[in-house]
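Below: the structure, in structure tokens.
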Amino acid sequence: MSSTSPNDAYERQRQEMVRLHLAGGGIHDVLVLNAMRLVPRHEFVPESARQASYEDRSLPIGEGQTISQPYMVALMLEHLALRRTDRVLEVGTGLGYVTALLSTLCGEIYSVERIPELAAAAQQTLQRLHYLNVKIKTGDGRMGWSEHAPFEAILVSAATPEIPPDLFAQLREGGRMVLPIGPPSEQTLQLVRKIGGRLEVKVFDHCRFVPLIEGPAG
Ligand code: SAH
């Protein structure tokens, strides 16, 4: 009988990824690092790419979409400076990896995904792994989720040419939104804050995300 299961191997690889690429890459927020140590990314990666789950890179999740690079996810979470009680909107659930991280860091997570098959798969995995403070719906995330607004934080995992006005409207005063802005070749990660009802924008690193798509899937 072998003394190490695949899960032990994944666990070791995950701790190593956090140490080398996240802490080693300049992520300081202890809460973010701990969440990344806990959430099993390989559970959110399709079988075909699972071996590569703890490489610090984006991976295909089907439907032409990707699970974001762990370093980029950690950076987005760090910029959001999340609190345990925050109510958070996520746009672009994918297979639910970032949703699971948000679930361990915050109070209530509302996540919108355009492609029904991805939303359904994410829902299933999150339930199976007992991430219970999460609600997912299929729809156009550029409209947000007004029934549950306002949000303390909004995380957008797909690139848009400009800040979607409905998302800014659903941000609470003092709230933060992180999103990639720009066309495929020259996006930057931006942090938007709502101060006195107005936008305050900080521009960070260059990044590369799939586009935030208008209209329904299919
Ligand atoms: N955050 C996830 C997935 C990132 S890929 C992860 O890291 O695992 C970006 C996701 O945004 C894709 O699943 C894509 O289908 C979704 N998406 C694109 N446009 C959208 C829109 N208008 N509304 C909601 N989701 C959208």
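The values are calculated or read from the model by the stated rules, or taken from the named source; none is laboratory data. Everything numeric here is computed off the predicted structure, so don't read it as measured data. Ideal geometry is used to build each Cβ from the backbone, glycine not excepted, and the neighbour counts take in all protein chains shown. Protein only, heavy atoms only, side chains kept; ligands, DNA and RNA dropped before computing areas. Shrake-Rupley method; radii C 1.70, N 1.55, O 1.52, S 1.80 Å.
Only Cα pairs under 8 Å and 6+ residues apart enter the sum, and on that basis the relative contact order of the chain stands at 15 percent. With the Cα gyration tensor of the range 123-218 giving a ≥ b ≥ c as the square roots of its eigenvalues, does the rule (a/c under 1.5 for rounded; else a/b larger than b/c for prolate; else oblate) give rounded, prolate or oblate? It is oblate, given that a/c is not under 1.5 and a/b is not larger than b/c.
The alpha carbon gyration tensor of the chain gives principal lengths a ≥ b ≥ c with a/c of 1.5 or higher and a/b greater than b/c, which makes the shape prolate. Its Cα centre serving as origin, the chain has a Cβ charge dipole (Lys and Arg +1, Asp and Glu -1) of approximately 400 debye. Excluding ligands, DNA and RNA, the accessible surface per residue across the chain is 48 Å² with a 1.4 Å probe. If R0 equals 22 Å, the separation of the Cβ atoms of Phe204 and His28 corresponds to a calculated FRET efficiency of about 0.90. Asp140 sits with roughly 40 Å² accessible to a 1.4 Å probe, with DNA, RNA and ligands left out of the calculation.
Ordered by solvent-accessible area of protein heavy atoms (1.4 Å probe), largest first, the residues Lys194, Lys202, Lys137 come out as Lys202, Lys137, Lys194.
Carbon-plus-sulfur accessible fraction, the range 144-201 (probe radius 1.4 Å, protein heavy atoms only): 52%. The phi-based Karplus calculation (6.51 cos²θ - 1.76 cosθ + 1.60; θ = phi - 60°) puts the 3J(HN,Hα) values of the range 160-172 at 10, x, 8, 5, x, x, 5, 5, 4, 5, 8, 8, 5 Hz, whole numbers, x for Gly and Pro. Adding -39500 (n - 2.57) for every DSSP H run of four residues or longer, then dividing by how many residues the chain holds, sets the calculated 222 nm ellipticity at -8000 deg cm²/dmol.
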